[in-house]
Amino acid sequence: MKHLVPGLSLSLLALSLLGLGHPASAQVAPDAGQQLRELQERPPQLPPEPTLELQLPQDDAGEETTDLDGPTVEVHGFIVSGNLSIDGDTLLAQLDDLAGRDLSLGELENAAARLTRYYRDQGYPLARAYVPAQTIEDGIVEIAVLEGRYGEIDIHNASRLQDPALAPLKRLEPGEPVRAAALERALLLVDQRAGASTRATLRPGDETGTTHLRVGLDPTPLLSGSLEYDNAGNRFTGADRLTGSLGIDSPLGLGDRLDLRLLGTREDQLYYQGAYQLPMGRWGTSLGASYSYMEYELGKDFTELDAHGTSRTTSLFVNQPLIVSRALWLNARLQYDHHRLSDKIGLFDTDNRKRSRVGRFTLDGNARDDLFGGGITSFALTWSHGELDLRTPEERQWDDLTARTHGSFNTFSPSVIRLQRLADRLSLFTRLRAQWADGNLDGSEGLGLGGPYGVRAYPQGEAQGDEGVIANLELRYALTPQWQLSTFLDHGRIRVNHDDWDDSDNRRNLSAAGLGASWASQHWRLDVSSAWRVGNADPQSDDHKAPRLWVQGAYLF
């Protein structure tokens, strides 16, 4: 039989004095890991529509003529000239049904228009096929192709970006055919870089079959940020929060960005974060690093414990865009997080220290479509593998007897958001997210059902667990360009511990319904929602407020 060391016994005594012996069914003091995760939660947002301006020459190439009268010629087949990007056999296959027929000049022009449309469907927006002047021999008709190639490429840079930040444009070379996907990718990658907005125009070139690409880069503000208030904090560390954020665009002229964030509550919780991201090369790759520090002191029901602690997190990441277009964007991301967590109980002079090292691989992106009136979908799939090291012998011994979180773990976390247009002012917002794990987790890797971004009738910190699903359904009505009203349904279910280790209820199901309103102007934003519980599940980490009110206000600059 294992014997508990004195320090562990004191910790257990502190928990028992506050009625914390049943972690799945009673109030549980939020540790540093859980608080860190809650601080990193942000309102669900869809990416803004790309601001890239791209003007393509307009022509009627590809349209078929209706004038099919006139002399005809017996056509046995076709040859194609000028095609370098698509092989001749593929192009001739588009004309198979025309061989062996008598065709008028109008019908031959329609055959060329068919190849023009095929080229453009393959992503060559300036390609044009035509019937050149010729003497037809043996019934073989030539169709010539102008694929549309770059002549001059002119970059007018009025922004702070230096030449290395414009590397994606270097993939566009004079003499190469204009491909819509490659052009859009290069322009969007530059437009995404901090410090510039991008516009581009294609005009006829000096030589037949060429086009002049002119790219303009305009400066964006050096500084941006916000001052925010919300009541989304954990009640034991302070529900009322003030947050200041500052972003510095391209401080080195490389399309880089520095972000700073400071958050504080009235219950002695402070959180600092700094992040830096640097794009590199022609392919849109970016490298980044961040560091955060959090300190807290528990109040309310846990004041007598003198419970306080800290978290320190260092993160490194690399991000690689895989598909880049205005219709679909797909990223791959590798990230390494190093957490150092400390939870102290001053009343008993205990210090539980943890170290967590986690590698994460994420595929995320967004897609825009015209389905059922149009909408946008945002999605993410994240697989995490980590190692939790309990540094305090007493904590490790207690963990061996209970949750057994020490050691390696894996989680899989998918999420999807859909904003669907229903009518001119009416839209449907849907969000679904989940997490699965292969064992019991530390609070820094768990999932919580409560809070303003979960089941909104329950407080932040409610129903923490290792695995779960949260669904939000919200009907939105744009009353004016500034005001929006909404009604919503939320549901979540959680598995508190992947592996049961006590006799308490290991599952919880929470549901809510509510109303919301939001107002936004150029520099101000206000969001208010009110939620009521659906069902008989009472909150365990707060009193039975009904309805529960959430408020967020921000000044943007």
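Before moving on, here are some points about what is shown:
- Residue within segment 325-337 that is over 17 Å from the mean Cα position of the chain (by Cα), part of a strand (DSSP E or B) and of a type outside the set (D, E, K, R) present: yes
- Selection count where residues are out of contact with any Asp or Glu (no Cβ under 9 Å at 6 or more places or on another chain) and either in a loop (DSSP other than H, G, I, E, B) or modelled with pLDDT of 95 or more (or both), scope segment 204-216: 2
- Looking at A127, A99, A112, just one residue is in contact with a strand residue (DSSP E or B) (Cβ under 6 Å, 6 or more places away or on another chain) and buried (at least 19 other Cβ atoms within 10 Å of the Cβ), and that residue is A112.
- Of Q134, Q192, Q162, all but one fail to be touching a strand residue (DSSP E or B) at 6+ places or on another chain (Cβ under 7 Å) and of a type in the set (S, T, N, Q); the exception is Q134.
Okay, residues lined up against (1) closer than 15 Å to W532 by Cβ; (2) more than 22 Å from the chain's Cα centre (by Cα):
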site: W436; (1), (2): no, no
site: G443; (1), (2): no, yes
site: P452; (1), (2): yes, no
site: Q464; (1), (2): no, yes
site: E467; (1), (2): no, no
site: L479; (1), (2): no, yes
site: S486; (1), (2): yes, yes
site: R508; (1), (2): no, yes
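- Test: residue in segment 331-350 that is in contact (Cβ under 8 Å) with a residue 24 or more places away in the chain, surrounded by fewer than 17 Cβ atoms within 10 Å (Cβ to Cβ), touching an Asp or Glu at 6+ places or on another chain (Cβ under 8 Å) and of a type in the set (A, V, I, L, M): yes
- Hits in segment 76-111 (condition: closer than 24 Å to E147 by Cβ and touching a residue at least 60 places away in the same chain (Cβ under 8 Å)): G77, F78, I79, V80, S81, G82, N83, L84, S85
- Odd one out for L252 among (1) of a type in the set (A, V, I, L, M); (2) surrounded by fewer than 18 Cβ atoms within 10 Å (Cβ to Cβ); (3) in contact with a strand residue (DSSP E or B) (Cβ under 7 Å, 6 or more places away or on another chain): (3)
- When residues in segment 475-499 are screened for being over 20 Å from E462 (Cβ atoms) and not β-branched (V, I, T), 12 of them pass.
- Matching residues, segment 429-467, being more than 14 Å from A512 (Cβ to Cβ), part of a loop (DSSP other than H, G, I, E, B) and either touching a Phe, Trp or Tyr at 6+ places or on another chain (Cβ under 7 Å) or without any contact (Cβ under 8 Å) to a residue 60 or more places away in the chain (or both): D438, G439, L441, D466
- Yes/no for A200 being under 30 Å from A61 (Cα atoms), outside any strand (DSSP E or B) and either in contact with a strand residue (DSSP E or B) (Cβ under 9 Å, 6 or more places away or on another chain) or among the hydrophobic types (A, V, I, L, M, F, W, C) (or both): no
- Residues that are over 35 Å from the mean Cα position of the chain (by Cα) and over 30 Å from L98 (Cα atoms), drawn from segment 141-184: G151, E152, G175
- Condition check for I345: of a type in the set (A, V, I, L, M) and over 30 Å from R185 (Cβ atoms): yes
- Within segment 503-557, considering residues that are in a loop (DSSP other than H, G, I, E, B) and of a type in the set (D, E, K, R), the one nearest to L401 (Cα to Cα): D503
Conditions (1) at pLDDT below 95; (2) touching a helix residue (DSSP H, G or I) at 6+ places or on another chain (Cβ under 9 Å); (3) assigned by TED's automatic domain parsing to the domain that holds L441, marked per residue:
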{"position": "T350", "(1), (2), (3)": "yes, yes, yes"}
{"position": "V358", "(1), (2), (3)": "no, yes, yes"}
{"position": "F361", "(1), (2), (3)": "no, no, yes"}
{"position": "A367", "(1), (2), (3)": "no, no, yes"}
{"position": "G373", "(1), (2), (3)": "yes, no, yes"}
{"position": "I376", "(1), (2), (3)": "no, no, yes"}
{"position": "A380", "(1), (2), (3)": "no, no, yes"}
{"position": "H385", "(1), (2), (3)": "no, no, yes"}
{"position": "L388", "(1), (2), (3)": "no, yes, yes"}
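- Total residues in segment 289-319 satisfying the condition of being in contact (Cβ under 8 Å) with a residue 12 or more places away in the chain, assigned to a helix (DSSP H, G or I) and either closer than 15 Å to E38 by Cβ or not aliphatic (A, V, I, L, M) (or both): the figure is 4.
- Listed by first and then second residue, the pairs with beta-carbon distance under 9 Å, at least 6 apart or on different chains, first residue in segment 117-134 and in the same structural domain as G205 (by TED's automatic domain parsing) and under 16 Å from E176 (Cα atoms), second outside any loop (DSSP other than H, G, I, E, B) and among the polar types (S, T, N, Q), form an empty list.
The values are calculated or read from the model by the stated rules, or taken from the named source; none is laboratory data. Worth saying up front: this structure is predicted, and the values here are computed from it rather than measured. FYI the Cβ positions are ideal-geometry reconstructions off the backbone, even for glycines, and counts take in every protein chain you see.
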